[in-house]
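Below is one structure, written out as structure tokens; comments come after it.
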Amino acid sequence: MRVQRAPRAADQPQRAPEGLVRHDRAPAVPTPAAGPAPARSADGTGAFSADVDLDLTALAGRSPEDLFAEVVVRLLTACHREGLVDVGSALRVVTPTDGGFAGVRVDGAVDRSAPGLSAVLGAPGTELPPADAGTLTVVDARGSRTRAQGDWGLGGGLGVATLGRVGSAVVSSRRPAGLVLGERLGAGLGLTVPDAARAAQVVRALDAVARSLEGPVG
Amino acid sequence: MSVESAADSREAEGSGSSAAGSVAVDDVVEMYRRMARIRGFEQAASKLYADTEVPGFVHLSIGQEATAVGACWHLRDDDAITSTHRGHGHCLAKGLDMTEMFAELMGREGGTCSGRGGSMHIADPRLGILGANGIVGAGLPIITGAGTAAQIRGDGGVAVGFFGDGAVAQGMFHESVNLAAVWDLPVVFFCENNHYSEFSREEDQHRAGLALRAVGYGVRYESVDGNDVVAVAELMQRLVGELRAGAGPVIVEADTYRWHGHYEGDPIRYREAEELAAWKLRDPLVVARARLADLGVDAAVAMSIDREVDEEVRAAIDEARRSPFPDPASLLDFVWVEEDDTPEREPEQGEVFKTMDAVREALTFELEHDPTVFVAGIDVGRGGNVFGLTRGLAERFPGRVRDTPISETAIVGGAVGAAMAGMRPVVEVMYMDFIGVCLDALMNQAAKLRFMTGGKASLPLVVRTQFGAGRSSGSQHSQSLEALLAHIPGLTVVMPSDPVETYGLLRSAIRSPNPVVFVENRLQYGMKAPRPNADHLIPLGKARIVRPGRDVTVVTWSRMLQEVLAAATEVAADGIEVEVVDLRTIAPFDRAAVLESLQRTRRLLIAHEAVMDFGVGAEIAALAANEGFWHLDAPVVRVAPQAMPAPYSPALEKAWLPDRAVVADALRRLMEVGTR
Ligand SMILES: Cc1ncc(C[n+]2csc(CCOP(=O)(O)OP(=O)(O)O)c2C)c(N)n1
Ligand SMILES: [Mg+2]
């Protein structure tokens, strides 16, 4: 026998399940179109930035640390596929602090699983680790209301990605079964690379991260 | 030397006698040491309490050390004792580790019971310590059960139940001594008469002494100087020997006195200082030192023991302090034993049998396959139960299917003790309405002892009972009281709905490591179905979908299932497809099954035979409102009798008890709510 317990006060009220079908007569609200929005045109000179609105609903049950690790692993995989990072690349994860940035450096990050990365990131440093040309920096800006854009003045390596604030919104859309009401967990993910010639790879990588999070996540 | 080996060597030796006759000098020295350890432990506990290092209640037995040590002197590790709220001495005398006891008092993970019990609930069944107890008198039914276990095993085991003079006024005392007398159980009911019950003197508690009462119960009585450890040990040597050889119970009354207040912090306004001073002259340690002097032992021996004990106590406290407090993440540990069940299989379809056969056959199967299973209850033996459920079992399993006096507290409390002592008792409470007279055994003992002992105690017991309204049985023989029991964490409450379910669930209940109340509906004893294969088992805690449907979920259990199924067939003619969920295990209940069904049908009706208010239906409705809120297309409906005693007159009872027509009506109205 396994005991199924009622949720504690801290776990209530419950979230609406994803894909909830309700037979309400409220007008359909179109879902905002997803896809990376280039922030600057790619003329082949200077840096290039783009950001995408991630749908994190499938990760709603994860702890904040696991959710972050999951997104970073997907970003690394996508960047690796697009040639933006390679197996030997290092990862630098930093958080804005009062005095600047603090964080950790992880070598060989492309091979790590989300739980593995989450474990490493569990012990954040107090200083800004150095970056070399083979380092991708990820700014954990979930605690801030700023947009997930720009290189935060941390340019120099392979690029700077930013995961912005995670927020939830009630959204509705029409499906064959009727109007679908659901709660959507979202966050912005931005990526800036020093060389605008790689704009297409950046857009594809961000697109792949967004797509990988649609539907059920294992 | 362990307590057990000390007991063995004493039984073998019997030489090197003391002045009193049969106790060896070395034994008196060791008895002195054990009493000094109790004294040292409790004096330190008093200080730790004053310093707030011990957070909860503490009742000290300083002045009573000789009863604990003397009474346990001749016991083996596998002999059982039960203790009281004043139990440190008993536990130390029976061999419990001092460091762990300090840690327990401090509420630390390294405590005897991992900090889950505290001073009043120290226990370790592995040493035969079936627990101190916060309920006055509650140890007595438990020790009766331990005595039953020893008798059934036939291993010469003895059970000693400590109690105070105040506990004599408890009904539990009466039921336990009487049951032990009727069954000739090897139990010593050991009264530590310290002349006070809380703030009240003994003479204000009863008019007849224990000697007179013993005559009334037809059991032997012995009195002893409770401050003379040698006298107590000598008496116990004789009694324990007789009990091991098959003698029945005995009441021992030991005259003694507690020096401290009833509890630490007690201002003690109810007795004179002179009284205490007089008793201090007969300090058990002083008496023992005099014994040692008589035997020619140098006074330096006791003094060096005192020093060693001081050192041991200090070291034990230091060590206990190093133990961490329990991790809040382990909060829910030890409430239920949780393990995965083998998945349920489709039963084979044999010849037709009835629910009453299902009960008898499940009991028979388990009695046959497990020698620790025994059955007890009013008229379940020779009479074969008022419904004939246990007919023939007493002859087939001699000594394991037992008639009891009308003593529900001793029946259920005895099951608790027998379970703690390694048996799997299946006891019967004739009518569910009678749960009220033995609720303590369920609520404070069976349900909590595993938790309070940090998982050290197992409580694999079943209380079978039955109910059923609709036949003019009146307000005291009709009640469906599952909500009362389901509200008690630690209990498993099962209510089968047909013969096959009864068979599979009862067998699982008997095999369960948790205490289970198994509630049959007597109107269903004649119900027929094809007999399942003999090894059919149904896991506890799992609901089943009896009838799948698209439009509305009905959650129900026990006999009401049959009414719901009839109603579902009726409304199917109107195009309403009802999904019927039989809860089967009421507590802990299968939340996921209810939610999954609700998710599909989006409408919920709950039907039960218990009165509506504060019932199990309310818990299920709360599940729907909290976790199923997003799925609901209509308000949750409960179909249940209104909150009032079951009426006797058929005209009134019919108006009160919902049937299939009421369920069908409610279903139709529920389907009219909202758009579909
Ligand atoms: C059922 C119950 N009623 C009342 C109490 C409160 N209470 C705790 S100890 C006690 C007195 C018990 O006296 P006695 O049995 O003589 O034991 P002593 O305290 O003298 O060792 C009382 C009334 C209780 N714990 N349980
Ligand atoms: Mg007393």
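The values are calculated or read from the model by the stated rules, or taken from the named source; none is laboratory data. All values derive from a computational prediction rather than experimental measurement. Glycine also receives a Cβ, built like all others from the backbone with ideal geometry; neighbour counts cover every protein chain displayed. Accessible surface is based on the protein model in full, side chains and every heavy atom, while ligands, DNA and RNA are left aside. Shrake-Rupley method; radii C 1.70, N 1.55, O 1.52, S 1.80 Å.
Where only protein heavy atoms count, and the probe is 1.4 Å, what is the accessible area per residue for region A:33-212 in Å²?
On the way: 8150 Å² over 180 residues.
Using a 1.4 Å probe on heavy atoms only, each residue of region A:33-212 averages 45 Å².
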Binning at 10 angstrom from zero up to the longest distance, how are the C-alpha pair distances of region B:18-325 distributed in percent?
6, 29, 36, 24, 5, 0
Label zone at B:GLU344, where the point sits 7 Å out along the Cα-to-Cβ direction: region B:578-607 residues whose backbone N lies under 17 Å:
B:579-598
I want to check the label-to-label distance for B:VAL352 and B:ASP97. Put each point 7 Å from Cα in the C-beta direction and report it in nm to one decimal.
6.2 nm
Cβ-based charge dipole, chain B, positive-most Cα from B:GLY218, B:GLY56, B:VAL188
B:GLY218
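Of all accessible surface on region B:353-530 at a 1.4 Å probe, what whole percent is carbon and sulfur? Let's see the in-between values first.
Details: 2720 of 5070 Å².
Its accessible area is 54 percent carbon and sulfur atoms.
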Expected output for region B:578-618, residues with a loss of 50 Å² or more in accessible area relative to the chain alone at probe 1.4 Å, reads B:ARG591
Counting only residues 5 or more apart in sequence or on a different chain, those whose built amide H sits under 5 Å from that of A:ARG174 are A:VAL180
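Computed FRET efficiency, Cβ-Cβ of B:THR52 and A:ASP132, R0 35 Å: what is it to the nearest 0.05? Mind dumping the intermediate values first?
Working: r = 57 Å, r/R0 = 1.63.
Computed FRET efficiency for B:THR52 and A:ASP132 comes out at 0.05.
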GluC sites (Glu not before Pro) lying in DSSP loop within region B:278-339, provided at most 11 other Cβ fall within 10 Å
B:GLU339
Cβ-based charge dipole, the protein assembly as shown, positive-most Cα from A:GLN149, B:SER478, A:PHE68
A:GLN149
Using 31 Å as the Cα-Cα cut-off, could you pick out the over-long pairs in B:LYS354/B:LYS448; B:LYS280/B:LYS456; B:LYS47/B:LYS448; B:LYS456/B:LYS542; B:LYS94/B:LYS280; B:LYS448/B:LYS528?
B:LYS354/B:LYS448; B:LYS280/B:LYS456; B:LYS448/B:LYS528
On alpha carbon coordinates alone, what is the Rg over Rh value for region B:563-676, Rh being the Kirkwood radius?
0.97
What helix-only [θ] at 222 nm does chain B give? Using -39500 (n - 2.57) per DSSP H run of at least 4, over all residues, to the nearest 500, the answer is -12000 deg cm²/dmol
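Whole number in Å², please: accessible area per residue of region B:412-487, 1.4 Å probe, ligands, DNA and RNA not counted.
Values: 2070 Å² over 76 residues.
Per-residue value: 27 Å².
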In region B:185-266, which trypsin sites (Lys or Arg not before Pro) fall in coil by DSSP and have 14 or fewer other Cβ atoms within 10 Å?
B:ARG207
Rounded to the nearest 0.05, what FRET efficiency is calculated for B:TYR270 and A:ARG211 with R0 set to 56 Å and r the Cβ-Cβ distance?
0.10
Apply the Karplus curve 6.51 cos²θ - 1.76 cosθ + 1.60, θ = phi - 60°, to the phi angles in region B:180-190 and return the couplings in whole Hz, x for Gly and Pro.
4, 5, 5, 9, 6, 7, x, 10, 9, 8, 9
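So if R0 is 25 Å, what FRET efficiency would B:ASP659 and B:ILE406 give, r being the distance between their Cβ atoms, rounded to the nearest 0.05?
Numbers: r = 34 Å, r/R0 = 1.35.
Efficiency for this residue pair is about 0.15.
Treating only the Cβ of Lys, Arg, Asp and Glu as charged (+1, +1, -1, -1), what charge dipole size does chain B show about its Cα centre? Round to the nearest 20 debye.
Details: 65 positive and 95 negative charges, 323 e Å.
The dipole magnitude comes to about 1540 debye.
Normalise the Cα radius of gyration of region B:319-455 by 2.2 N^0.38 Å (N = residues in it) and let me know the number. Each step should come with its number before you reach the end.
On the way: Rg = 18.8 Å, N = 137, 2.2 N^0.38 = 14.3 Å.
This ratio for region B:319-455 stands at 1.32.
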Could you check the spin-label model distance between B:ALA329 and A:THR97? Points 7 Å from the Cα along Cα→Cβ, value in nm.
2.6 nm
At 1.306 mPa s and 10 °C, plugging the Kirkwood radius over alpha-carbon pairs of the protein assembly as shown into Stokes-Einstein gives what diffusion coefficient in µm²/s?
49 µm²/s
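Based on the alpha-carbon gyration tensor of region B:495-544 and its eigenvalue square roots a ≥ b ≥ c, which shape applies: rounded if a/c is under 1.5, prolate if not and a/b is larger than b/c, or oblate?
Details: a/c = 1.95, a/b = 1.32, b/c = 1.48.
It comes out oblate by the Cα gyration axes.
I'm a student and want to see the number: the projected area of the Cα convex hull of region A:33-212, averaged over all directions, in nm². Don't jump to the answer; show the numbers that get you there.
On the way: hull surface 42.7 nm².
Reported value for the Cα convex hull: 10.7 nm².
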Chain pair B, A: total accessible area buried, heavy atoms, 1.4 Å probe, Å²
1900 Å²
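Could you do me a favour and compute the accessible area per residue for region B:544-671, 1.4 Å probe, result in Å²?
On the way: 4870 Å² over 128 residues.
Per residue, region B:544-671 has 38 Å² of solvent-accessible surface.
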Tell me the trypsin sites (Lys or Arg not before Pro) within region B:78-128 that lie in a loop according to DSSP and have at most 10 other beta-carbon atoms within 10 Å.
none
Can you give me the long-range amide H partners of A:VAL138? Hydrogens built in the peptide plane at 1.01 Å from N, cutoff under 5 Å, separation of 5 or more residues or another chain.
A:ARG92, A:VAL93, A:VAL94, A:ALA161
Buried by partner chains in region B:319-350 (accessible area down by at least 20 Å² vs chain alone, 1.4 Å probe, heavy atoms, protein only) are B:LEU332, B:TRP336, B:GLU338, B:GLU339, B:ASP340
